[in-house]
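Trainee: Questions regarding the structure given below will be posed in turn.
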Amino acid sequence: MSFKKIFAAVDDSDLGHRVFSQALELAVGDRAQVMLFNCVTVSTVGQTAVPIPVDLGMNVELMDQAYQAQRLRLESEVKHASGLLKNYCDAAAKKGLQVEFDCKMDGDPGHSVCEAAENWGADLIVVGRRGRTGLTEAFLGSVSNYVVHHASCSVLVIQEIKPEK
């Protein structure tokens, strides 16, 4: 099977680097176009934004400072992700591939991956799987599981390598 438009959901983890490498290998073999994608979420930066009504006694100035700090963290994370994607693009371009990249700031990475891949016209999505199961997957979710069940094209899932015990 040959793919012409490969969409890779990458991040700055070992698994993200493996996803990139696999997508690159497939693209070189098929001379395919590549879209590198990263979705920055509030949970990516380890903070959540829960609006607290001012009438519960919260200081308006403190609330504003908290929201400003969160906005700055998110902007910094988007800048970091864009730099990462640019580095990946440079590496892929050295292989003679046509490469694009996109970084979104959204609350649902799985949905963002599916939507961006479909809008770009991908015929393959390459995504990593960290191996969460049970309650961990129920609470934290699974991007790869969502993508497998909602993508409009084929999906290649790269399993994270667990260290031997």
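Trainee: Within a 10 angstrom radius of the beta carbon, how do Leu72, Leu156, Leu24 rank from fewest other beta carbons to most?
Mentor: Leu72, Leu156, Leu24
Trainee: Can you compute 3J(HN,Hα) from phi for each residue in region 101-113, using the Karplus curve 6.51 cos²θ - 1.76 cosθ + 1.60 with θ = phi - 60°, rounded to whole Hz and x for Gly and Pro?
Mentor: Values per residue, Gly and Pro as x: 8, 8, 10, 10, 10, 8, x, 10, x, x, 4, 4, 4 Hz.
Trainee: Per residue of region 153-159, in order, report the coupling 6.51 cos²θ - 1.76 cosθ + 1.60 (Karplus, θ = phi - 60°) as ³J(HN,Hα) in whole Hz, putting x for Gly and Pro.
Mentor: With the stated coefficients, region 153-159 comes to 9, 5, 10, 10, 9, 9, 7 Hz.
Trainee: Still on this structure, please answer the following. Sort 80-89, 121-130 by the packing proxy (mean of other Cβ within 10 Å over each peptide's residues), most packed first.
Mentor: 121-130, 80-89
Trainee: Apply the Karplus parameterisation 6.51 cos²θ - 1.76 cosθ + 1.60, with θ equal to phi minus 60°, to every residue of region 76-91 and state each ³J(HN,Hα) to the nearest whole Hz, in sequence, with x for glycine and proline.
Mentor: After applying 6.51 cos²θ - 1.76 cosθ + 1.60, I find 5, 5, 5, 4, 4, 5, 5, x, 4, 5, 4, 4, 4, 4, 4, 5 Hz.
Trainee: In nm, to one decimal, how far is the modelled label at Met1 from the one at Ala69, with both set 7 Å along Cα→Cβ?
Mentor: Output for this residue pair reads 4.8 nm.
Trainee: Search the structure for amide H atoms under 5 Å from the amide H of Met105, placed 1.01 Å from N in the peptide plane, and list their residues when 5 or more places away or on another chain.
Mentor: Answer set, sorted by chain and number: Val40.
Trainee: In nm, what is the difference between 0.36 nm times the number of residues separating Glu61 and Glu118 and their Cα-Cα distance?
Mentor: My answer for the length gained is 16.3 nm.
Trainee: Separate question: Report, by chain and number, residues whose modeled amide H sits under 5 Å from the one on Val126, excluding near sequence neighbours (fewer than 5 apart, same chain).
Mentor: The list, which skips near neighbours in sequence, is Phe7, Ala8, Ala9, Leu156.
Each reported figure results from applying straightforward, stated rules to the coordinates on display, with no laboratory input. On a predicted model such as this, the values are computed, not experimentally measured, just so you know. In this analysis, Cβ positions are derived from the backbone assuming ideal geometry, glycine residues included, and neighbour counts consider all displayed protein chains.
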